[in-house]
Amino acid sequence: MDHLARLLCGRALCLLALLGVCAGCTPPQPRDTRAADVQTITEGEVLCVRHWSTRDAERIVARYADDTTVMAPNMAPAIGREAIREMVKQLVRDGNFALTFDVPRVEVARSSDVGYAQGSYTLVTTGLATKKPLTDRGTYLRIYRKQLDGAWKVLLDMRTSSLTASSPLL
C-alpha cells in the first residue's frame, strides 16, 4: 500500500471508532431542579398569604393559570381566571375577611413540571345567617404546573372545610 492509501485507511478506522464510541453515548441527564422548584413554590405560597392579607385581588389572581379551577367549600367551582377574579373580589369585599394558611408540605415531580403545596388554612368571613364573623378551619391542596417561561402557576386549588354544609361561608 502506498502512503496515501494507508493514510486514508487510518482515517477511516479512526472515524469508525469515533462513530462507535458516540453511538453508545447518551445525552446528559437534565439538571435536577426540584430543590429550587420546591423553594420557588414555597416562596410563592408565602407571598400568597401576604396578598390575601392586603386583599390584593389582582396579585392573588396572577398566581393562577388561565385554565385553573378553584374548588372552595359550599361554593360552585370557579373555572378560569375571570371566574376566580370574581370569587376573590367577593371574598375580599367582606369586612370580616381574613385568610391565613400554613404550608408544611411542598413537593415537585422528578420531571419538574408539576408540583403541589398542601397545608391548613383559617378563613374568617361574615356568616350569612348570623351576620357575625364565622371562622372556618380546614385543609387545602394546590397543584402547580411549570409554565414555558419557568414560572409556576396554580392549576388546581381546592379546600376542605371543618364546617358543615349548613354553615354557609358566603
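Looking at this structure, is Arg85 among the charged types (D, E, K, R) and under 13 Å from Asp157 (Cβ atoms)?
The answer is no for Arg85.
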* Asked: Just wondering, is there one or more residues in the range 85-99 that are of a type in the set (Lys, Arg), under 20 Å from Ser53 (Cα atoms), open to solvent by 50 Å² or more (accessible area, probe 1.4 Å) and without any contact (Cβ under 8 Å) to a residue 12 or more places away in the chain?
  -> yes
* Going through the range 103-115 one residue at a time, which ones are part of a strand (DSSP E or B), surrounded by 12 or more Cβ atoms within 10 Å (Cβ to Cβ) and modelled with pLDDT under 95? -> Val103
* What are the pairs, 6+ residues apart or on separate chains, where a residue within the range 104-117 that is touching a residue at least 60 places away in the same chain (Cβ under 8 Å) and farther than 15 Å from Asp157 by Cα has its Cβ under 6 Å from a residue that is outside any strand (DSSP E or B) and open to solvent by less than 60 Å² (accessible area, probe 1.4 Å)? -> Val108/Asp37; Val108/Val38; Ser112/Thr33; Ser112/Asp37
* **Top-ranked residue in the range 121-153 [being small (Gly, Ala, Ser) and over 19 Å from Asp67 (Cβ atoms); ranked as most open to solvent (accessible area, probe 1.4 Å)]** => Ala129
* Which is closer than 16 Å to Met75 by Cα and at pLDDT 90 or above, of Leu170, Leu148, Leu141, Leu123? -> Leu123
* Structure fact -> Given (1) open to solvent by less than 70 Å² (accessible area, probe 1.4 Å); (2) assigned to a loop (DSSP other than H, G, I, E, B); (3) more than 14 Å from Met75 (Cβ to Cβ); (4) of a type outside the set (D, E, K, R), Leu156 misses just (2)
* Residues being open to solvent by less than 70 Å² (accessible area, probe 1.4 Å), out of contact with any strand residue (DSSP E or B) (no Cβ under 6 Å at 6 or more places or on another chain) and not small (Gly, Ala, Ser): count how many of those fall in the range 60-84. => 3
* Structure fact -> Residues of the range 116-128 being in contact with a Lys or Arg (Cβ under 8 Å, 6 or more places away or on another chain) and either more than 16 Å from Cys48 (Cα to Cα) or outside any strand (DSSP E or B) (or both), in sequence order, are Thr126
* Residues satisfying the stated conditions in the range 53-82, i.e. farther than 17 Å from Arg142 by Cβ and either among the aromatic types (Phe, Trp, Tyr) or part of a helix (DSSP H, G or I) (or both) -> Ser53, Ala57, Glu58, Glu82
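The values are calculated or read from the model by the stated rules, or taken from the named source; none is laboratory data. Since the structure is predicted, the reported quantities are computational estimates derived from the model, not experimental observations. Every residue, glycine among them, receives a Cβ derived from its backbone with ideal geometry; neighbour counts consider all protein chains shown. Quick note on the areas: whole protein, heavy atoms, side chains included, nothing else; ligands and nucleic acids left out. Shrake-Rupley method; radii C 1.70, N 1.55, O 1.52, S 1.80 Å.
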